[in-house]
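This report concerns only the one structure given below.
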Amino acid sequence: MSALGYAAIAAQAGAVVVGAPLLTGWMRQVRARLEGRAGAGTAQPWRDLRKLLRKEPITAAGTGPAFRVAPALLVASTLVVAALIPLVSTATPISGHADAILVVGLLALGTVTLALAGLDTGTAFGGMGSSREMTISALVEPTILLAVFALSIPAGSTNLAAIISGAAEDPARLASPAGLLATAALAVAVLAETGRIPVDNPSTHLELTMVHEAMVLEYAGPDLALVELGAQMRLTVLLGLQASLFVPWGIATAGDSWGSLLLALAVLAVKVAALGALLAAAEVFWAKLRLFRVPELLAGSFLLALLAVTASYFLGTGGGIL
Amino acid sequence: MSLLRKIRGTGRVAEPAPPRPKDEPPAAARELGGSAQVRCIDAGSCNGCEIEIGNAFGPVYDAERYGARLVASPRHADVALVTGPVTRNMAEPLRRTVAAMPEPRLVIAVGDCARDCGEFAGAYGVQGAVGDIVDVDLEVRGCPPRPEDIVAALRTVTGR
């Protein structure tokens, strides 16, 4: 069990690091095909990262420690989340610590680090990007927390491993009004948290519409490689979390063998790739929201999450936390 | 759903890839390994070159399939696509933009104006061609240059 548990942690973290650029490449490829283009291939983000790591590091004049530590801290905090949450197995040696509040806190740590780095550059666009990111993040983090709470009421715990293994045994929880509302709320929150299209445009060149890009304008070379890898890992982790919470089948549980671990890894790859393709396809049909409309969208998703918690409490099938 | 029907009806717009250009890539391009982030700099162009660059990255010529991608910041860029004769007001910004790009970096002068001031040679507001202000690695001829030629220059850089 122990060797298998540690192998599961290594598999999760490794799959997120190796798979994150591939997921981004895959999503760009899907989008390119829908736009009638040929596309650069799924491995292109890895080529970009390899090249960035070889380039000259530049620390912009006037920047301090916040600018220098942000890339490493962003990747490290996301890597901890990738190891913690039950992507491949619910029975790892650290799955007891996979608390929803801790996971949301670690994701917020990455967001705040990058926002501070954006402020640290002292440029107009860096500060503007940080201010926008904080506005969005202040609305998104409570939504993620509430959506997970709605699912935690039937499980009786905020531990993600307990929530996911409970849902795998009792799928009726997911089809309940609370489960469906929480799915919708979390989907919108994931879009906002990862800077996808209705909230932020990941491929924009117009400084006035940027959010994430505006904060990282001053990064170059290996630092930029870490920032890009960190952002791609966050997308992978959040899509993986969404997949694990709402399609919990295929994840290895306690007492499983090496074979089921491999199967769980393959199932995770398929689930995340399918979600990524769906997101990329949806982005072709959507336009970016005007910035002043973004809080309305996020308030809507917060309301869905609140309804999910209420429904979960009142319509609960018993065994609640109260 | 009409958009979905349109996507299905249109299919692939990108033209088949022409054979790889035979020009010897500049030394700095070999370190890039099939990936080039591109920053456009308009040093005083009439915007004819910009339209053609836009076409080169559009669905028909699809420069992105060869590993080139437009980025928002010179710090992220490997390649500067400079257009137009360099005007007095843009000479210093151009020098600073190229200096802000991390090594290894390349400068491509796009269009006849960027190569030798073209139509605007000797005009009172023009400081000189791009080569007079910064070191140029590659040049693209034409007024305006053909998107195929811009794509060929970018392919020489990415080697794909």
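The values are calculated or read from the model by the stated rules, or taken from the named source; none is laboratory data. Because the structure is a prediction, the values reported are computed rather than measured. All Cβ positions, glycine included, derive from the backbone under ideal geometry; neighbour counts span all protein chains shown. For accessibility, only protein heavy atoms count, side chains too; no ligands or nucleic acids. Shrake-Rupley method; radii C 1.70, N 1.55, O 1.52, S 1.80 Å.
Evaluate the following for residue A:247: is it aliphatic (A, V, I, L, M), open to solvent by 30 Å² or more (accessible area, probe 1.4 Å), at pLDDT 95 or above and more than 17 Å from residue A:194 (Cα to Cα)?
no
Do any helices (runs of 4 or more DSSP H) entirely within the stretch A:147-261 hold 1 or more residues that are within 17 Å of the chain's Cα centre (by Cα), and if so, which?
A:160-169, A:177-193, A:212-215, A:221-246
Quick check on my filter: what residues within the stretch A:31-69 are aromatic (Phe, Trp, Tyr) and farther than 19 Å from residue A:214 by Cβ?
Matches in the stretch A:31-69: A:46 only.
For residues that are of a type outside the set (A, V, I, L, M) and open to solvent by 70 Å² or more (accessible area, probe 1.4 Å), scanning just the stretch A:57-84, find the one that is nearest to the other protein chains (Cβ to nearest Cβ).
Taking the candidates together, the pick is A:57.
Here are the criteria: (1) more than 17 Å from residue A:310 (Cβ to Cβ); (2) modelled with pLDDT under 85. Tell me which single one residue A:173 does not satisfy.
Going through (1) more than 17 Å from residue A:310 (Cβ to Cβ); (2) modelled with pLDDT under 85 one by one, residue A:173 breaks only (1).
So which residues in the stretch A:2-23 are small (Gly, Ala, Ser), open to solvent by 40 Å² or more (accessible area, probe 1.4 Å) and free of Cβ contacts under 8 Å to residues at least 12 places away in the same chain?
Scanning the stretch A:2-23 gives A:3, A:10.
Suppose the filter is more than 13 Å from every other protein chain (Cβ to nearest Cβ), within 23 Å of residue A:42 (Cα to Cα) and open to solvent by 50 Å² or more (accessible area, probe 1.4 Å); does residue B:20 pass it?
Yes, satisfied.
Looking only at the stretch A:24-43, filter to residues that are over 21 Å from the mean Cα position of the chain (by Cα) and touching a residue at least 12 places away in the same chain (Cβ under 8 Å); which one of those is farthest from residue B:64 (Cα to Cα)?
By that ranking, first place goes to A:34.
Among the residues of the stretch A:34-56, what is the count of those that are more than 8 Å from chain B (Cβ to nearest Cβ) and open to solvent by 30 Å² or more (accessible area, probe 1.4 Å)?
Residues meeting the conditions: 4.
Each row is one residue, and each column tells you yes or no for (1) within 11 Å of chain B (Cβ to nearest Cβ); (2) surrounded by fewer than 23 Cβ atoms within 10 Å (Cβ to Cβ).
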{"site": "A:177", "(1), (2)": "no, yes"}
{"site": "A:182", "(1), (2)": "no, no"}
{"site": "A:186", "(1), (2)": "no, no"}
{"site": "A:196", "(1), (2)": "no, yes"}
{"site": "A:200", "(1), (2)": "no, no"}
{"site": "A:211", "(1), (2)": "no, no"}
{"site": "A:218", "(1), (2)": "yes, no"}
